[in-house]
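Report on the following structure.
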Amino acid sequence: MASGVKPRVKVPKKAAAGDVITIKSLISHKMESGQRKDKEGNLIPRSIINRFTVEFNGQSVLDMTMEPAISTNPYVQFEATVPEAGDFVFTWYDDDGSVYDTTKSVAIG
Amino acid sequence: MEFSRRDTLALGLGAAVVTVLPFSVNAAADDVIATFTGGADMGDAGIDLTAPEIAENGNTVPVEVSAPGASAILLVATGNPTPGVAQFNFGPLAGSQSASTRIRLAGTQDVVAIAKLADGSFAKASSTVKVTIGGCGG
């Protein structure tokens, strides 16, 4: 597991049913591209987050495949529909097999 | 040194190869695109790609893609060592088929976005980004 990985997600606490909300997500991760070399000239092995998924009450919102060309601390902004109260589940998949996730609840009101 | 007819021809041929070479860099990018589209033709309506004209730092270039009704959007940086950047697959609860993120660019190049539209056709948009400092280290 890469060190210092911390997911941060911004989701409104409340929304009207059927509303489209904007979600901002960021996870601190070095996203080593596998192209860089260390001081001795050896390639630093690739270590990135290769997949990011968002689900709301089990239904898919976004499924994103990431390549090394995504910047350090991957940031993604997108929009989601909220049909009812429930939970957004955000999941990041690391190259080394680690899975990071976080959950945000949205109330209707 | 005197140039014979043969030498001159060889020189001209060499020059031609050098000018054609930069295009072969795009072959890898074309492969990535072909895998996504299956070789289908691409229109240019129905997709928007927003990228800066000049990026001072190639390590974080903000880009935004939007394609109403699309089921998937592929983002490709044609001049990167690995041209694929990201693929967005939108689920039934996506509020709009748009997303923005930050990408790395190795140098001045074209960024291409391709959307798979609702009717199964593909649309392509591209934007040239000038990069002052490349973002691939090394």
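Of all residues in the stretch B:95-108, those that are facing chain A (nearest Cβ under 7 Å) and closer than 25 Å to A:Ser28 by Cβ total 7.
Whether any residue in the stretch B:116-138 is more than 16 Å from the chain's Cα centre (by Cα), under 28 Å from A:Glu55 (Cβ atoms), of a type in the set (A, V, I, L, M) and within 12 Å of chain A (Cβ to nearest Cβ) is what I want to check. No, the stretch B:116-138 contains no residue that is more than 16 Å from the chain's Cα centre (by Cα), under 28 Å from A:Glu55 (Cβ atoms), of a type in the set (A, V, I, L, M) and within 12 Å of chain A (Cβ to nearest Cβ). Residue count for the stretch A:10-30 under the criterion of being farther than 26 Å from A:Glu84 by Cβ, touching a strand residue (DSSP E or B) at 6+ places or on another chain (Cβ under 6 Å) and not small (Gly, Ala, Ser): the result is 3. Criterion applied to A:Val89, A:Val82 was being crowded, with 21+ Cβ neighbours inside 10 Å, more than 7 Å from chain B (Cβ to nearest Cβ) and among the aliphatic types (A, V, I, L, M), and the one residue passing it is A:Val82.
The strands (runs of 3 or more DSSP E) found wholly in the stretch A:1-77 and carrying at least 1 residues that are more than 9 Å from every other protein chain (Cβ to nearest Cβ) occupy A:6-10, A:19-28, A:49-56. Pairing residues of the stretch B:28-44 that are assigned to a helix (DSSP H, G or I) with residues that are among the aromatic types (Phe, Trp, Tyr) and surrounded by 11 or more Cβ atoms within 10 Å (Cβ to Cβ), at Cβ distances under 7 Å and at least 6 apart in sequence or on separate chains, gives B:Thr37/B:Phe122.
Residues that are within 22 Å of B:Thr35 (Cβ to Cβ), among the β-branched types (Val, Ile, Thr) and more than 7 Å from every other protein chain (Cβ to nearest Cβ) within the stretch B:54-94 comprise B:Val63, B:Val65, B:Ile73, B:Val76, B:Thr78, listed in sequence order.
Quick note: the coordinates plus some simple rules give every number you see, no bench work behind them. Here the structure is a predicted model, which is why all the values come from computation and not from measurement. FYI the Cβ positions are ideal-geometry reconstructions off the backbone, even for glycines, and counts take in every protein chain you see.
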